[in-house]
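In what follows, a single structure is set out as structure tokens and then discussed.
The values are calculated or read from the model by the stated rules, or taken from the named source; none is laboratory data. As the structure is a computational prediction, the values presented were derived from the model and not from experiment. Glycine gets a Cβ as well: all are built from the backbone with ideal geometry, and neighbour counts include every protein chain shown. Note: accessible area is taken over every heavy atom of the protein model, side chains too, but ligands, DNA and RNA are not part of it. Shrake-Rupley method; radii C 1.70, N 1.55, O 1.52, S 1.80 Å.
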Amino acid sequence: MTAATTTIPDAPASAAAPRATMRAAQVLGPRSVALGNVALPVPSAREVRVRLEGCGVCASNVPPWEGRSWFTYPLRPGQLGHEGWGMVDTVGDEVRAFAPGDRVAFLSDHAFAEYDLTAEEKLIKLPHTLAGAPFPGEPLGCAVNIFRRSGVRAGQTVAIVGVGFLGALLVGMAKSAGARVVAVTRRAFSRRLASLYGADEVVPLDDADPHDAVRRVAELTDGSGGYDVRGFCDVVIECTGKEVALDVAGEMCAVRGRLVVAGYHQDGPRQVNLQLWNWRGLDVVNAHEREPAVYLDGMRAAAEMVASGGLDPGPLYTHRLPLERLGEALDLTRDRPNGFVKALVMMR
Ligand SMILES: [Zn+2]
């Protein structure tokens, strides 16, 4: 069970004074979260304070939610929330590019709260056409950046292994770029999602025999393995963060193909078939972005794509929960029940 009791003491606030506190969710330990009042953070000269509308819940939140030996608890109030969007509330003295009232998406790490601070170079303004729509900028920018690093071109055969939030967006972008898209995914629900986003072929991935999917992709591409490799895919993007999916993704790559690791593999080491990667001469790209300027660029491109109707993440926001139900949102993200793609925690 998740704790929902308030354990953080209320800071004093008088009715007449400007607001001094905010509500923030705090992970106290594995599968334990509390909602409390904490001091409203004050921006330094080059920071911006955002009043959040919402924040996406990310698969990367699951290991610290479940607990791993390398995490220390309690986490800080709001911590783990990194997919926030909202309205600029106040800015530091030296901030020129943003003003109160700007609607923004931003990078930060304490956005499971009513307000969060970020550096002025870590925000993008949202186009007016997106008014009222959720915009978790970080994962949308991440999808665009992964797609850019995948180098997908028209006419290529591209396999997307794992169709959740990221995979579905990549199916859509690869299709728009003119590729032939093969979606490989476990859940029947995700296979329907892949079709909705335009996949040409949808291949089931069966945990009991994952190589079945490789054989099916071989059939679809006139592929054969061994020392005389033929067929398979020009680009394979692995989006699950699971070792078995990484294995089959490698096996689906053509000679000189590109294996793009988009899954989040931070819960422990992986063993890979370097013999196969090496023989096929694969380019292996770890496509997570860590450079804020590049991240922001991807977020801007994503905002334009969504605003222009080129990409619709709407069907992927399957669950919206208020901040006080963050624990449930994290459990949903871990358990992925049928019909679940992504949870958004809404602040108001
Ligand atoms: Zn994320």
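So, in region 97-114, how many residues would count as being open to solvent by 40 Å² or more (accessible area, probe 1.4 Å), of a type in the set (Gly, Ala, Ser) and within 19 Å of residue 322 (Cα to Cα)?
Adding up the residues that qualify gives 0.
Which one of the conditions (1) at pLDDT 95 or above; (2) open to solvent by 30 Å² or more (accessible area, probe 1.4 Å); (3) more than 21 Å from the chain's Cα centre (by Cα); (4) farther than 19 Å from residue 118 by Cβ does residue 12 fail to meet, given that it meets all the rest?
(1)
Of everything in region 299-320, what is farther than 19 Å from residue 198 by Cα and either part of a loop (DSSP other than H, G, I, E, B) or open to solvent by 60 Å² or more (accessible area, probe 1.4 Å) (or both)? Give them in sequence order.
Those that are farther than 19 Å from residue 198 by Cα and either part of a loop (DSSP other than H, G, I, E, B) or open to solvent by 60 Å² or more (accessible area, probe 1.4 Å) (or both): 300, 304, 320.
Anything in region 321-334 that is within 18 Å of residue 52 (Cα to Cα) and open to solvent by less than 40 Å² (accessible area, probe 1.4 Å)? List them, or say none. Walk me through how you get there before you give the answer.
Going residue by residue through region 321-334, those that are within 18 Å of residue 52 (Cα to Cα) are 321-326, 329.
Within region 321-334, 321, 323, 326, 329 meet the criteria.
Please specify each residue of region 221-249 satisfying the condition of being open to solvent by 30 Å² or more (accessible area, probe 1.4 Å) and in contact with a Cys (Cβ under 9 Å, 6 or more places away or on another chain).
If the condition is that a residue be open to solvent by 30 Å² or more (accessible area, probe 1.4 Å) and in contact with a Cys (Cβ under 9 Å, 6 or more places away or on another chain), then 234 is the only one that fits.
Would you check which residues across region 67-93 are touching a residue at least 60 places away in the same chain (Cβ under 8 Å) and more than 25 Å from residue 289 (Cβ to Cβ) and list them?
77
List the strands (runs of 3 or more DSSP E) inside region 176-253, counting only whole elements, that have at least 1 residues being hydroxyl-bearing (Ser, Thr, Tyr).
Per the criteria, 180-185.
Find the residue count for region 46-68, including only residues that are open to solvent by 20 Å² or more (accessible area, probe 1.4 Å), touching an Asp or Glu at 6+ places or on another chain (Cβ under 9 Å) and within 13 Å of the ligand (Cβ to nearest atom).
Result for region 46-68: 1.
Considering only residues that are touching a residue at least 40 places away in the same chain (Cβ under 8 Å), outside any strand (DSSP E or B), away from the ligand (no atom under 16 Å from the Cβ) and out of contact with any helix residue (DSSP H, G or I) (no Cβ under 7 Å at 6 or more places or on another chain), which ones fall in region 94-147?
Passing the criteria: 94, 114, 120, 133.
Test residue 153 against the stated conditions and say whether it is in a helix (DSSP H, G or I), in contact (Cβ under 8 Å) with a residue 24 or more places away in the chain and more than 16 Å from the ligand (Cβ to nearest atom).
It is false that residue 153 is in a helix (DSSP H, G or I), in contact (Cβ under 8 Å) with a residue 24 or more places away in the chain and more than 16 Å from the ligand (Cβ to nearest atom).
Considering only region 26-45, state which residues are under 23 Å from the mean Cα position of the chain (by Cα) and open to solvent by 20 Å² or more (accessible area, probe 1.4 Å).
Within region 26-45, 26, 30, 31, 32 qualify.
Can residue 205 be described as more than 16 Å from the ligand (Cβ to nearest atom), over 20 Å from the mean Cα position of the chain (by Cα), open to solvent by 10 Å² or more (accessible area, probe 1.4 Å) and more than 21 Å from residue 81 (Cα to Cα)? Step through it out loud before you land on a result.
Values: more than 16 Å from the ligand (Cβ to nearest atom): yes; over 20 Å from the mean Cα position of the chain (by Cα): yes; open to solvent by 10 Å² or more (accessible area, probe 1.4 Å): yes; more than 21 Å from residue 81 (Cα to Cα): yes.
In short, yes.
Is there any pair linking a residue in region 169-195 that is modelled with pLDDT of 95 or more to one that is open to solvent by 10 Å² or more (accessible area, probe 1.4 Å) and of a type in the set (Asp, Glu), with Cβ under 6 Å and at least six apart or on different chains, and which?
180/200; 181/200; 182/201
When region 69-87 is examined, which residues are found to be open to solvent by 10 Å² or more (accessible area, probe 1.4 Å) and either of a type in the set (S, T, N, Q) or within 16 Å of the ligand (Cβ to nearest atom) (or both)? Can you show your working first?
Step one: of region 69-87, the residues open to solvent by 10 Å² or more (accessible area, probe 1.4 Å) are 69-77, 79-80, 82, 87.
Hits for region 69-87 are 69, 72, 75, 79, 80, 82.
Farther than 28 Å from residue 226 by Cα, within 16 Å of the ligand (Cβ to nearest atom) and surrounded by 24 or more Cβ atoms within 10 Å (Cβ to Cβ) - does that describe any residue in region 178-196?
no
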